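In what follows, a single structure is set out as structure tokens and then discussed.
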Amino acid sequence: MAGSNNKSVLFVCLGNICRSPIAEAVFRKMATDAGVVHEWVIDSGATSDWNTGSSPDARGLDCLRTHGVETNHRARQVTKNDFTSFEYILCMDDSNLRDLKSKASAVKNSSAKIELLGLYDPQNQRIIEDPYYGSASDFEKVYEQCERCCRAFLEKNS
Ligand code: WE7
């Protein structure tokens, strides 16, 4: 659970099998390489309960492996507690943003900053598109967007 002494970020997408596990794994590796991972609580979750318990999509795992990034994440749905325990909840598209704001409105004392991860992109690509019906190159694009955004987000919070 995210404690008050830690910085904390929860990455969120629709199913927590394509985009948000990539963002989580990329950010954890970046924080580890920067020697600051102990300062952070890092996790990812889904707006839906469709894939709860599932491993990340095989195409996402291939993409991460290509880049030397590891993950053993299993999908979970966002909980009410996430809105009070995480400082940041960073999501991928406008549909995620609507779902999260709707969920937050049902939580007493929701304090998380709910934002698009793409807000941090130095190349200003605000939306990280769902690659579910896409190809390996769509997963690669997700990876590159996550890489840029996570670097800028970590920098801002260092
Ligand atoms: C996705 C998905 C993604 C779409 N990961 N699924 Cl079949 C379905 C229905 C409700 C929730 C989820 Cl998670 C899923 C399976 C898992 N990234 N993207 N579905 C998707 C994309 C475009 C139009 C409609 C859907 C359901």
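Taking residue 140 as the residue in question, decide whether it is within 15 Å of residue 9 (Cβ to Cβ) and open to solvent by less than 60 Å² (accessible area, probe 1.4 Å). First the steps, then the outcome.
On the way: within 15 Å of residue 9 (Cβ to Cβ): no; open to solvent by less than 60 Å² (accessible area, probe 1.4 Å): yes.
No; evaluated as a whole, the condition is false for this residue.
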### Message
I'd like to check something: does the stretch 10-21 contain any residue that is out of contact with any helix residue (DSSP H, G or I) (no Cβ under 9 Å at 6 or more places or on another chain) and open to solvent by 20 Å² or more (accessible area, probe 1.4 Å)?
### Response
no
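The values are calculated or read from the model by the stated rules, or taken from the named source; none is laboratory data. All figures in this text were calculated on a predicted structure; none of them were measured in a lab. All Cβ positions, even for glycine, are placed from backbone atoms using ideal geometry, and neighbour counts span all protein chains on display. Ligands, DNA and RNA are excluded from the accessible area calculation, which covers all protein heavy atoms including side chains. Shrake-Rupley method; radii C 1.70, N 1.55, O 1.52, S 1.80 Å.
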